[in-house]
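Here the structure comes first, spelled out in structure tokens, and everything after it is commentary.
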Amino acid sequence: APLGVAVIGTGRMGTDHVRRIQQVTSGARVSAVVDVDAERAKAVAARVDGCTAYPDPAAAMAAADVDAVLVASPGPAHEAALLTAFEHDLPVLCEKPLAPDAATALRIMEAEQKLGRRRVQVGFMRRYDPEYAKLKALLETGQLGRPLMLHNRHRNVASPPFFTSDMLITDSVVHETDAARWLLGDEITAVTVLRPNPSSNAPDGLLDPQFIVFETDGGAVVDVEIFVNCGFGYQVQAEVVCERGTARIGDGHALVTNMAGRWGGTIAQDFTDRFEAAYDLQIQAWVDATRRGEVTGPSVWDGYAAAAVCETGVTALTEGGRREVELIDRPELYRS
Ligand code: NAD
Ligand code: ISE
């Protein structure tokens, strides 16, 4: 039988994941949806055969046809949903960020360790993006030698109204935090944040763009331009500079046109477009692993490390200077 998934949070991502599981993913179906906005959950459930809308996560997770949980509520609500899933011993795919701060992530990690085995995959979907995967595979061949620097650009058309200056780090750069750790195989040890004069197209008071520098325990330097009101498109680029060469992704050269004295292409307008394949592959990998009784992909340790780096980044943003990241020792459960 297909894996019965409960989707917690039926906003932008949750609704897209419901569509994905129903229409794209094989071996799974959405059997339950939950949202604090009951009407929203009911409207989504009404579109899916055999799907029930529940008012709270515990009720959904107790249902006989729920085998796994996809958490797509806002970051601050993740901890409660994860702990409830642990009580029901259900496997979880949890959207990024795992938690809003390191202390919350640590509590989640302690609870998972008490289960004695991994239950959670964190939704750092860039690891499943075909371009990022190619970059990772190339680095692993060793042809380019040791990575020295990683340059990243992360641009959004416009930020949502609730976006704060801290969220450029905790909500957006959290992706580069994970991507850098994963690509380089390093932990991030220090963060510095530079604040260019904000764009006049950013909402009043929003520190946008920001320029962030990470140092790693492997001695690499990583920079991230985060610009969430760039106006022209959704762009995510990464270039690794190694001892014997460089490699770069995200230029969007899939289609180049020549027209009336110009050449060019189009730029994606949002993440659902740019990372569509990544989301599809991420969910399929989660469903496949879950049906085999395994947990793969980014772990709670990765979610914790990212939260600790971002929390340090927020301190660097508000107080200035170079700030060192403090991580606990990696627990046994997350070492293999
Ligand atoms: P959203 O605001 O569109 O949707 C969130 C939904 O959760 C809303 O319907 C809200 O009513 C509901 N909700 C709030 N608290 C809840 C609770 N305690 N229990 C159940 N439902 C609750 O937000 P979104 O953009 O869909 O983001 C959801 C998650 O997905 C966040 O963690 C966000 O960081 C992540 N996200 C990831 C990506 C990505 O590229 N991987 C992109 C966007 C968002
Ligand atoms: C959003 O939550 C995401 O996760 C997107 O991938 C990112 O580009 C955006 O900046 C975030 O707000």
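Nothing in this text is a laboratory measurement; each read-out follows from the coordinates by a stated rule. All values derive from a computational prediction rather than experimental measurement. As a convention, Cβ positions derive from the backbone with ideal geometry for all residues, glycine included, and neighbour counts pool all protein chains shown.
For the reader, a short list of remarks on this structure follows.
- Theoretical FRET efficiency, 1/(1+(r/R0)^6), r = Cβ-Cβ of residue 199 and residue 65, R0 45 Å, to 0.05: 0.40
- Remark: spin-label model distance residue 267-residue 217 equals 3.7 nm, labels positioned 7 Å along the Cα→Cβ axis.
- DSSP bridge pairs, the chain: antiparallel proportion in percent, nearest 5: 55 percent
- Two-site label geometry, residue 253 and residue 103: point separation in nm, points 7 Å out along Cα→Cβ: 4.9 nm
- Summary of packing: across the peptides 181-190, 8-17, 249-258, the per-residue average of other C-beta atoms within 10 Å ranks them, highest first, as 8-17, 181-190, 249-258.
- Its Cα gyration tensor gives region 117-231 an equivalent ellipsoid. The semi-axes, each the square root of 5 times an eigenvalue, are 27, 17, 13 Å from largest down.
- Sparse-neighbourhood loop sites, chymotrypsin sites (Phe, Trp or Tyr not before Pro) in region 222-295 - DSSP loop, at most 13 other Cβ within 10 angstrom: 232
- Each Cα pair under 8 Å and six or more residues apart adds its sequence gap; the mean of these over the residue count of the chain is a relative contact order of 20 percent.
- Under the Karplus curve 6.51 cos²θ - 1.76 cosθ + 1.60, θ = phi - 60°, whole-Hz ³J(HN,Hα) for region 216-229, x wherever Gly or Pro sits: 10, 6, x, x, 8, 10, 10, 10, 9, 8, 10, 9, 9, 9
- Only helices enter this figure: runs of n ≥ 4 DSSP H residues, each worth -39500 (n - 2.57), summed and divided by the residues of the chain, yield -10500 deg cm²/dmol at 222 nm to the nearest 500.
- Residue among 313, 261, 116 with the largest mean-square fluctuation in a Gaussian network model of the chain, springs linking Cα atoms under 10 Å: 261
- For a label point 7 Å along the Cα-to-beta-carbon line of residue 157, residues of region 231-261 with backbone N under 14 Å: 231-235
- Note on the chain: lysine pairs with Cα distance below 27 Å, sequence gap of 8 or more or different chains, count 4.
- Projected label points at residue 16 and residue 260, each 7 Å from Cα along the beta carbon direction, are separated by 3.2 nanometres.
- Most fluctuating residue given options 105, 46, 180, as computed from a GNM of the chain linking Cα atoms under 10 Å: 46
- Backbone N under 18 Å from the residue 318 label point (7 Å along Cα→Cβ), restricted to region 63-94: 76
- Simple Cβ-charge dipole of region 132-277, Lys/Arg +1 and Asp/Glu -1, about Cα centre, in debye nearest 20: 540 debye
- Its Cα centre serving as origin, the chain has a Cβ charge dipole (Lys and Arg +1, Asp and Glu -1) of approximately 800 debye.
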